[in-house]
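Single-structure report; data block below.
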Amino acid sequence: MRRKICDGHYTAAVRVLSSSGVAPYNDATLADLQSKHPTSPAPSLPDILVDGLHLVTTFVVALDRIKSFPRGTSCGRDGLRAQHLLDCLSGAAVAVSDELVDSISAVVNLFLAGKCPMELGEYIASAPLTPLVKPGGGIRPIAVGTIWRRLVSKVGAVMIDQSVGSYFDGLQFGVGVSSGGEAILHVVNRLIEDRGSNVGLSMLLVDFLNAFNLVDRTVMFREIHRRCPDISRWVEFRYSNPARLDVFDLCLHAWYLDDGTVIGDTLAVGKVLQLIMEEGPCFGLHFNVEKTEVFWPTEDPRSRLVGVFPPNITRPLRGVKLLGGLASFDSIFGGEVVM
């Protein structure tokens with residue numbers, strides 16, 4: 001905590017003070033981590049070759065991405081910190097900073113071109129896990145990768161930003177969208193305020209079971225080759241050792257990483273959930289009914305019909321917690337959540 005304060009990360013310091021700490025090192029914690037990160041055979045790579053890479057990391061892009069690391073960024077298992085690179089670009093070392101950035105750019109280009117031996121993937125692209133205790137129980141593993149892994153990914157994200165914008169098509173707010181969670185939260189509350197008395201609507205909050213670890217990597221590789229071929233070599237290097245939804249007439253369909261928010265006619269929302277349950281496993285996405293909720297201020301009786309929603313789905317009556325915020329116009333419920 002003292003280090004966070006010295007680095008000016010006051011929000012992070014508050015999180016440390018209010019956290020439940022790190023899980024003890026014992027067999028139970030190890031078993032929990034292993035269950036969340038199952039070992040699976042290496043996926044077969046798509047039979048698609050990239051005919052020449054169009055991305056070339058430039059001096060400006062590399063320098064910009066190095067400077068984008070927040071002060072105090074943690075290191076990976078190799079001990080190299082972003083601050084080490086930043087220190088080499090300032091002070092007395094500024095005289096050779098251009099040469100250093102040129103060398104860093106060359107290394108980043110090497111990774112993007114897939115010229116690093118695949119055997120090094122587990123060292124460069126893997127990350128140790130810190131098992132933090134969730135406030136309500138259970139473990140939340142936090143991965144801290146190497147600076148090289150994060151730097152190359154930052155550069156790749158910047159370079160494909162424009163090309164993948166249309167692919168997400170206003171549905172996915174977890175990647176490359178500033179304050180995406182807040183955007184979804186405000187839209188939901190506006191819909192509740194404007195149409196909360198409409199008895200024909202329902203809101204579905206979707207959660208997948210351990211999605212980031214169980215998603216089918218063969219499917220991921222195929223999509224990367226199709227949509228972002230210029231970074232496909234880097235993705236394969238990291239991961240070699242989006243589910244389709246039918247078109248429905250919905251008020252809102254938005255995703256923040258693997259957390260979905262769907263609002264529309266109750267029967268249409270039920271069909272969306274049915275599609276997720278049926279086709280999700282084909283992509284390694286398994287519906288988590290325990291953390292999925294159905295809510296609307298004026299409950300639609302049709303939501304209770306057999307087959308619309310699973311009988312054991314959670315049905316809050318006064319409001320829901322959504323992406324760290326509150327979706328409700330029940331002031332008493334809001335006060336309780338805040339307290």
Ranked list, fewest to most other Cβ atoms within 10 Å of each Cβ, for 237, 329: 329, 237
Sorted by Cβ density within 10 Å, fewest first, the residues 122, 236: 122, 236
148, 255 arranged by Cβ crowding within 10 Å, fewest neighbours leading: 148, 255
Net length gained if the chain between residue 143 and residue 3 were fully extended (0.36 nm per residue, minus Cα distance): 48.5 nm
Computed [θ] at 222 nm, helices only, for the chain once each DSSP H run of length n ≥ 4 contributes -39500 (n - 2.57): -12500 deg cm²/dmol
Using a Förster distance of 30 Å, the FRET efficiency for residue 80-residue 60 (Cβ separation, nearest 0.05): 0.85
25 °C / 0.890 mPa s Stokes-Einstein diffusion coefficient of the chain, Kirkwood radius on C-alpha pairs, µm²/s: 108 µm²/s
Above-threshold pairs, the threshold being 20 Å between Cα atoms, out of 36/115; 36/291; 134/321; 134/154; 271/321: 36/115; 134/154; 271/321
For residue 172, residues with placed amide H under 5 Å, excluding near neighbours: 255
Sites residue 22 and residue 199 - FRET efficiency at Förster radius 56 Å, r taken between beta-carbons, to 0.05: 0.75
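Coordinate-derived values only; no laboratory data. Please read these numbers as outputs of a predicted model, since none were measured by experiment. Counting neighbours? That spans all protein chains shown, and the Cβs are built from the backbone with ideal geometry, glycine included.
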